[in-house]
Amino acid sequence: MTKYIFVTGGVVSSVGKGITAASIGTLLKSRNVSVAPQKLDPYLNVDPGTMSPYQHGEVFVTRDGAETDLDLGNYERFIDINLTCESNVTSGQIYSAVISKERRGDFLGGTIQVVPHVTTEIKERFKKLAEKTKTDVIIIEVGGTVGDIEGQPFLEAIRQMRKDAGRENVLYIHVTYLPYLSTSKELKTKPTQHSVNELRRIGIQPDIIICRSEQPIAEGTRNKISLFCDVEPQAVIPLPNVSTIYEVPLTLEEEGLGKLVVDKLNIQAAEPDLGQWRKLVAHLKTPREKINIALVGKYVDLQDSYFSVREALHHAALYHDRDINIQWISSELLEKEDPEPHLRTAQGIIVPGGFGIRGIEGMIKAARYARENNIPYLGLCLGMQVMVIEFARHVLGTDGANSTEFDAATPNPVIDLLAKQKQITAKGGTMRLGDYPCELRAGCRAAEAYGQTLVQERHRHRYEFNNEFRSQLEKAGLVCGGVSPDGSLVEVCELKDHPWMVSCQFHPEFGSRPGRPHPLFRDYIGVAKTVLREGAQPPLPLSNGS
Ligand code: GLN
């Protein structure tokens, strides 16, 4: 019998529900309890693929090609699993499924209503994931904040689950925020009380309350929440800010959350084995020499847009016993200015994924700077396309080389729409998405990094290297280091005469894990750490963590 943990959020958005849900997964997995996570997003988009990163942050891509919420990336990294499209459910998906069923005549004679039709459709998604994964526990995070209009059907569905799955098989965890009032020097519990009241109003009594705060939480505050919100004092779990997100599972474990969850759900669990995780966190908290990495992108004012890239950089740096100082550089700014002062201290340059023309010329400048100054360069998806355009323009001397995404009339379309994309007009879920195989050329840098020549990586793009230019570009020194098995798509580009300039049409950042960095990020940082630049931090004594 599958058990269900529902995680809701109160008081403010961005309270850390995603990291909390992921951390509960870490704690259960460490006890040999199998888990599958699911995120419910109340917006009406079918998926976040059509949203701007400013609305949503990063779009995380699963191996099976779903465009999903960035919390899925945290679940993958914290639980060390690969998820599928079933792990992200949106109101858009639910309503379109219900409406298609109605059109098909499935409910003939009936009036279609939020309760029961929409709530039943939502519950089917919980049960489908349980049936498919056959895990002991499904952890379901409800997006948004309790009280939001659009979240109501999801909350009603999770309320009904108590009856459907049995009270003993369902646990409600509410994550709230305790604001600090500097005038009275105390953490206030009233917003939490109101948020719990809101939950109770719709029939959900939380079993556990996790309290986020900027300050340590005193015993008295904990007792007050226990009294007013009707949970045992030990089920009020403080979660003050920590220095790295990977510390959250350990803080929650120390507060007894792991044991509380397995006890409340009556799960036969092993003793927790968090040894590796503790080692990782101890290492992360040890001061290490910093490597300057310039990330040149269009959304650098909203760093959540590059969540997985940032994490992958940190995983790779830790492997080399280094820390990362990411220099967030606006590609739009680089368009107008000399790159030198912006990139002077960078020991590595990275151009991540993106869409649209804004800032492209700045990214091209960054790629040129990396090539001409022998600075390690990692290009991710758009970052590969930019590298090819730059090489075509300045090494091959091809006039106006560009991608047809940015200049439909370019005389030299070195990047062009994928053949399969030419007939597609609809925008949602129609890119080349998810895992595709790639064959690496033996001896190239990518093959060296992976230690193998056949790899599977996640994609999300419409444009691709144009083979018409392949032989000219190769003759000029561009190495097509990876291609699709039928040879038709160039997936990896490298430079021969450069310390490490490698880019890929896919997104390796999604596959990186704490303690197991992605090979491309690992080798990139491995070279970057040896690069001496102006103002680079002098070496610190090596830390003992490993
Ligand atoms: N805009 C480019 C394309 O569609 C790159 C996409 C990306 O970086 N994810 O091919």
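The values are calculated or read from the model by the stated rules, or taken from the named source; none is laboratory data. Quick caveat: nothing in here was measured; it's all calculated off a predicted structure. Quick reminder, even Gly has a Cβ in these numbers, built from the backbone with ideal geometry, and neighbours come from all protein chains shown. Quick note on the areas: whole protein, heavy atoms, side chains included, nothing else; ligands and nucleic acids left out. Shrake-Rupley method; radii C 1.70, N 1.55, O 1.52, S 1.80 Å.
Numbers for the structure displayed
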{"read-out": "Inter-label distance, nm, simple model (7 Å from Cα along the C-beta direction), VAL114/VAL395", "value": "5.8 nm"}
{"read-out": "Sequence-distant residues sharing a close amide H with ARG63 (under 5 Å, placed H)", "value": "LEU83"}
{"read-out": "Cα lying deepest toward the dipole's positive end in the chain, options PHE391, ILE158, HIS461, charges on Cβ", "value": "ILE158"}
{"read-out": "With DNA, RNA and ligands ignored, accessible area of TRP328 (1.4 Å probe; Å², nearest 10)", "value": "70 Å²"}
{"read-out": "Size of electric dipole in the chain: Cβ of Lys, Arg +1 and of Asp, Glu -1, about Cα centre, debye, nearest 20", "value": "780 debye"}
{"read-out": "Rounded to whole Hz, the Karplus (6.51, -1.76, 1.60) HN-Hα couplings of the range 8-16, x for glycine and proline", "value": "10, x, x, 6, 9, 7, 6, 7, x"}
{"read-out": "Calculated FRET value between LEU454 and ASN82, using beta carbons and R₀ = 22 Å, to 0.05", "value": "0.80"}
{"read-out": "Accessible area per residue in Å² at 1.4 Å probe, computed on the chain", "value": "41 Å²"}
{"read-out": "Label-point gap, in nm, between ASP64 and LEU532 - each point 7 angstrom along Cα→Cβ", "value": "5.3 nm"}
{"read-out": "Among beta bridges that DSSP assigns inside the chain, antiparallel share in %, nearest 5", "value": "35 percent"}
{"read-out": "Leading residue at positive end of dipole, the chain (Cβ point charges), from GLN268, ILE245, HIS507", "value": "GLN268"}
{"read-out": "Amide H partners (placed H, <5 Å) of GLN327, local residues excluded", "value": "ILE293, ALA294, LEU295"}
{"read-out": "Full-stretch length increase - SER243, LEU44 - with 0.36 nm per residue and alpha-carbon distance subtracted", "value": "68.2 nm"}
{"read-out": "Part-to-part distance (alpha-carbon centres) for the range 49-79 and the range 182-197, which is given in Å", "value": "32 Å"}
{"read-out": "Stretchable slack from GLN303 to ASP230, in nm (0.36 nm times residue separation minus alpha-carbon distance)", "value": "22.5 nm"}
{"read-out": "Burial ranking of peptide ranges 102-112, 36-46 (average Cβ count within 10 Å, highest at the top)", "value": "36-46, 102-112"}
{"read-out": "At 0.692 mPa s and 37 °C, Stokes D of the range 303-360 from Kirkwood alpha-carbon radius, µm² per second", "value": "253 µm²/s"}
{"read-out": "Calculated FRET value between LYS259 and ARG470, using beta carbons and R₀ = 56 Å, to 0.05", "value": "0.40"}
{"read-out": "The chain, helix-only ellipticity at 222 nm - DSSP H runs n ≥ 4, -39,500 (n - 2.57), divided by all residues, nearest 500", "value": "-10000 deg cm²/dmol"}
{"read-out": "Restraint check, LYS101/LYS134; LYS259/LYS279; LYS3/LYS188; LYS101/LYS422, Cα-Cα greater than 23 Å", "value": "LYS101/LYS134; LYS3/LYS188; LYS101/LYS422"}
{"read-out": "Sites ALA218 and ASN32 - FRET efficiency at Förster radius 25 Å, r taken between beta-carbons, to 0.05", "value": "0.10"}
{"read-out": "Heavy-atom accessible surface of the range 171-291: percent carbon and sulfur, 1.4 Å", "value": "51 percent"}
{"read-out": "Percent of beta bridges antiparallel (DSSP, the range 257-405, rounded to nearest 5)", "value": "0 percent"}
{"read-out": "Principal axis box of the chain, alpha-carbon based, largest edge first, Å", "value": "72, 67, 45"}
{"read-out": "Simple spin-label estimate for ASP486 and ALA442 in nanometres, 7 Å along Cα-Cβ", "value": "2.6 nm"}
{"read-out": "Net lengthening on full extension, GLU124/PHE107 (0.36 nm per residue, minus Cα-Cα)", "value": "4.5 nm"}
